Amino acid sequence: MKSLSSGLAPDAPLSVNCMNLGHNDDDDDDDGSPAFGRILFRQTFLRNITRGNTKAGDANDANANLVYAGFPAFRLDRSSEEEEVLNALTYGGIHMQNTALIRWGDPKFSARADTGYPLVLFNRNLTTAVLSPFSSFFVGIHSTGANNQFECGIKQSVQHIPGKFTYDTVLVSGQGINSTVNFYGEMMMQKGGKTRVSPYVSDFVLSHLGYWTDNGAYYYHYLPRPPFNNSEEALKAVQADAIARDIPVRYFQWDDWWFYNGSPWQYEAVPSIFPDGLSDWMHSPLSLYTGEYGANNPYRSRFEFVDHQATTVLPVDVGFYRELFRNGTKAGMKMFEQDYLSSINGGTNLTSLDLDSGDRFFGAMNEAALEANITLQLCMMHPCHALATSAMQAVTNARASPDHVRVYEHREEMIGWNSLLLASLGVWSSRDNVWTNSSETRSNVNNETDVITNTILALLAGGPYGPGDGAGSMNRSLIMRTCRDDGLMLRADFPSVPLDKTFAVGFDAVKPVHVWATSSWLPSSSESQSQSESESESQSRSESESQSQSLPYTYVVALNLDDPFEISLGDLQSSAGSSPTGRFIAREVMANGTLFPLTSERLRPVDEGHSAQLPACPVIDPLTAGSVFWTFAPVLANDWAYLGEVDKIVSASSRRVRMVHTLNATGATGVGAAAGVVQVTLVGSPGEATTVAFAPPPVFAELLAEADAAAATVGGEGNKKELAEVAEGDSSMSLVRVDVSFPESCAYTEDNFGNKDCTAVVSCNAAACAQLA
């Protein structure tokens, strides 16, 4: 990739400066952590720049796709065969659904106002560079507008640039795609003043089961028909059904259909839809919504709006959002969704004609949300909106795929790539609402054929999980795989993102490979126990003798695999971060929407010499993905493995498991080191029951022996598919299940949302596993 000198537009004299910010570990000792390079490219405009007015709402203004000056700038073509081949992941489009994997220099590649940034470049060895706007996100773009050049700069739709204005682009380099993108995201958040916060600490919506009514849901723009006279009656019926069948829905989402969402635009309920108005008539927390802001609205006399004499306007006054959020929180609002961002950015010029309208729009919303103690969700984003969240502490989640209306082909495939970017910026990815009943139909909504895969995708992506089924149609057994009995979600600790290996496997063919992973990290401790010492005597010793660490439980989902995909120990360690264990038990949980029971036939060993192989799952049809889902549980130091909850998707959530404690018998030899002891401390709601599973010490050794025997039978490691088929036939290994009950009356603790946690301890030794009294 060849760098070019800056090309200056005739009316844009400026100076340019390239600053090497050094490596992140320049001043640190060599601790083995990755090193990342950082270069800042700065443009400084030397005098005022003013251009003619752009028509109001002229979304097709060609100037929006060109830059005043390109710095840095690169040639798109390879100048010689000796130049290294690079692939690129490039973001763009509504919902960032045009995000694509390309070969650098592909003549079909186009960068413009809504596409082409950030740019993630990488070679065959996954040496990676991220090139991105680093300031003025609403008007800073990448452009391929002229002379076969890739240019970074301010788009020419901006009508005035003051003298001494600076614009920055950043280049971050490192080894590995996930690690480099994550470091880039940390830089962005540090600059924007944003910190990562666990959803369990401050985000009610992400932490709890909801019910959703957005596009694709059963009651989206519901036309009243018997037995309901309006949407209020329909939602009351959903709520009554959930209570009657013990489905712990903790909040309801109201979308764009309940308020005056046209001309006039007014954030008040339409009486024929909600007779009781915007009030607490559901007696439940809410997630509320808006899209574009109509120009004909009663708020303009009191608050500042950007107005270009079009049909929509842009609020930039924090007072407007304070009033909106004050009225919403009186009705129970916990989250506010800002939709139609791509229309605001691309369908009008409300954020494109000046340098700061977009920043003022987002800044006002963020400030008011923090004051109101609510969170924000963004929807229909362009890349500029994703980058701008780096300065928005209130934004906790954003849509990573199109609406759930089953007309977008391969819609789910976007989630992984978009989650890679969003997760780096402290944002969880929303898949949208889900249907949990495949037999349900509605005239203007296609029925869902694979409800199980979509629930898994939604939960692992980490955004809000909310069924959108009609009253009486929610599938309780599927929903309860995602949460506790009180509706507290059992989530992984991070959003699911693509394994680095997917980019390497598909490099030569520039082929997307969709295998995503996330992990839960469980606190653990271990200590040694002499064979002459009782278990109680060992536990009474000082905690200072215990060794503490965290255990990674990894969850891997794959879509539309044409070929089997191998998961090695290194893949798990790079996915979960620095892993303290070198042994895992892999469990095949689901294929193409079919859930498998927990049996030894579905288990595989993973260590330095053994890998698990995900089977191929080719696309079923353009609207239905082929899918597989596996979990990976670490084998403990004393050869036990805690496999987690049998019927939960995230089988070992850190919100469920407080501690995994192992006692290793010293002086013992052989498999299991005299079995030792494993104790797992769990928390649950009062009266809740669940079932957990363990693999005793012989199981991992037997899985290894079985895998080696099967490999020898089919001629070595060369045929992984046949190895798996041979292993399918043996069911001699014994797994241990323990039914766990959390008492109705307990000395509970409460979390930030008032959820009550009771404690239960399960202990396993050589003789048996049982819940302790």
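The values are calculated or read from the model by the stated rules, or taken from the named source; none is laboratory data. Computed from a predicted model, the values in this text were never measured in an experiment. Every residue, glycine among them, receives a Cβ derived from its backbone with ideal geometry; neighbour counts consider all protein chains shown. Quick note on the areas: whole protein, heavy atoms, side chains included, nothing else; ligands and nucleic acids left out. Shrake-Rupley method; radii C 1.70, N 1.55, O 1.52, S 1.80 Å.
The condition (being in a loop (DSSP other than H, G, I, E, B), touching a residue at least 40 places away in the same chain (Cβ under 8 Å) and either of a type outside the set (Asp, Glu) or on the phi < 0 side of the Ramachandran plot (or both)) is satisfied by just one residue among 238, 249: 249.
Within the stretch 34-43, count every residue that is open to solvent by less than 60 Å² (accessible area, probe 1.4 Å) and either closer than 15 Å to residue 139 by Cα or among the basic types (Lys, Arg) (or both).
Just the residues of the stretch 34-43 that are open to solvent by less than 60 Å² (accessible area, probe 1.4 Å), to begin with: 35-41, 43.
With either closer than 15 Å to residue 139 by Cα or among the basic types (Lys, Arg) (or both) added as a condition, the list becomes 38, 43.
Qualifying residue count, the stretch 34-43: 2.
Residues that are polar (S, T, N, Q), in a loop (DSSP other than H, G, I, E, B), open to solvent by less than 10 Å² (accessible area, probe 1.4 Å) and modelled with pLDDT of 95 or more do occur in the stretch 641-656. With respect to residue 132, determine if the residue is polar (S, T, N, Q), in contact with a Leu (Cβ under 9 Å, 6 or more places away or on another chain), open to solvent by 10 Å² or more (accessible area, probe 1.4 Å) and modelled with pLDDT of 95 or more. Answer is no for this residue. Against the conditions (1) in contact (Cβ under 8 Å) with a residue 24 or more places away in the chain; (2) open to solvent by 10 Å² or more (accessible area, probe 1.4 Å); (3) not in a helix (DSSP H, G or I), residue 191 satisfies every one except (3). Within the stretch 355-378, not a single residue is part of a loop (DSSP other than H, G, I, E, B), modelled with pLDDT under 95 and crowded, with 21+ Cβ neighbours inside 10 Å.
Test residue 113 against the stated conditions and say whether it is closer than 15 Å to residue 70 by Cβ and either of a type in the set (Asp, Glu) or open to solvent by 10 Å² or more (accessible area, probe 1.4 Å) (or both). Spelling it out, residue 113 is indeed closer than 15 Å to residue 70 by Cβ and either of a type in the set (Asp, Glu) or open to solvent by 10 Å² or more (accessible area, probe 1.4 Å) (or both). Scanning the stretch 459-499 for residues that are surrounded by 22 or more Cβ atoms within 10 Å (Cβ to Cβ), not in a loop (DSSP other than H, G, I, E, B) and not aliphatic (A, V, I, L, M) gives 462, 467, 483, 498.
Does residue 401 satisfy being under 30 Å from residue 594 (Cβ atoms), part of a strand (DSSP E or B) and open to solvent by less than 20 Å² (accessible area, probe 1.4 Å)? The answer is no for residue 401.
Within the option set 278, 324, 314, being of a type outside the set (D, E, K, R) and part of a helix (DSSP H, G or I) holds for one residue only, 324. Every listed requirement among (1) touching a residue at least 60 places away in the same chain (Cβ under 8 Å); (2) over 21 Å from the mean Cα position of the chain (by Cα); (3) open to solvent by 10 Å² or more (accessible area, probe 1.4 Å) is met by residue 107 save one, (1).
Here is a list of conditions, (1) closer than 17 Å to residue 652 by Cα; (2) modelled with pLDDT under 70; (3) not hydroxyl-bearing (Ser, Thr, Tyr), and residue 557 meets all of them except one; can you say which number that is? Among (1) closer than 17 Å to residue 652 by Cα; (2) modelled with pLDDT under 70; (3) not hydroxyl-bearing (Ser, Thr, Tyr), the lone unmet condition for residue 557 is (2). Taking each residue of the stretch 355-370 that is under 18 Å from residue 293 (Cα atoms) and of a type in the set (A, V, I, L, M) and looking for partners that are open to solvent by less than 20 Å² (accessible area, probe 1.4 Å) and part of a helix (DSSP H, G or I) with beta-carbon atoms closer than 6 Å, six or more apart or interchain, yields 364/321; 365/321; 368/321; 368/325. Would you confirm whether or not the stretch 657-666 contains a residue that is part of a loop (DSSP other than H, G, I, E, B), at pLDDT 95 or above and open to solvent by less than 10 Å² (accessible area, probe 1.4 Å)? So far as the stretch 657-666 goes, no, none of its residues is part of a loop (DSSP other than H, G, I, E, B), at pLDDT 95 or above and open to solvent by less than 10 Å² (accessible area, probe 1.4 Å).
For the condition open to solvent by less than 10 Å² (accessible area, probe 1.4 Å), under 29 Å from residue 48 (Cα atoms) and modelled with pLDDT under 95, residue 350 qualifies.
In this structure, is residue 452 open to solvent by 10 Å² or more (accessible area, probe 1.4 Å), on the phi < 0 side of the Ramachandran plot and in contact (Cβ under 8 Å) with a residue 40 or more places away in the chain? Yes, satisfied.
Checked against (1) touching a residue at least 40 places away in the same chain (Cβ under 8 Å); (2) more than 22 Å from residue 481 (Cα to Cα); (3) not in a helix (DSSP H, G or I), residue 185 passes all but condition (3).
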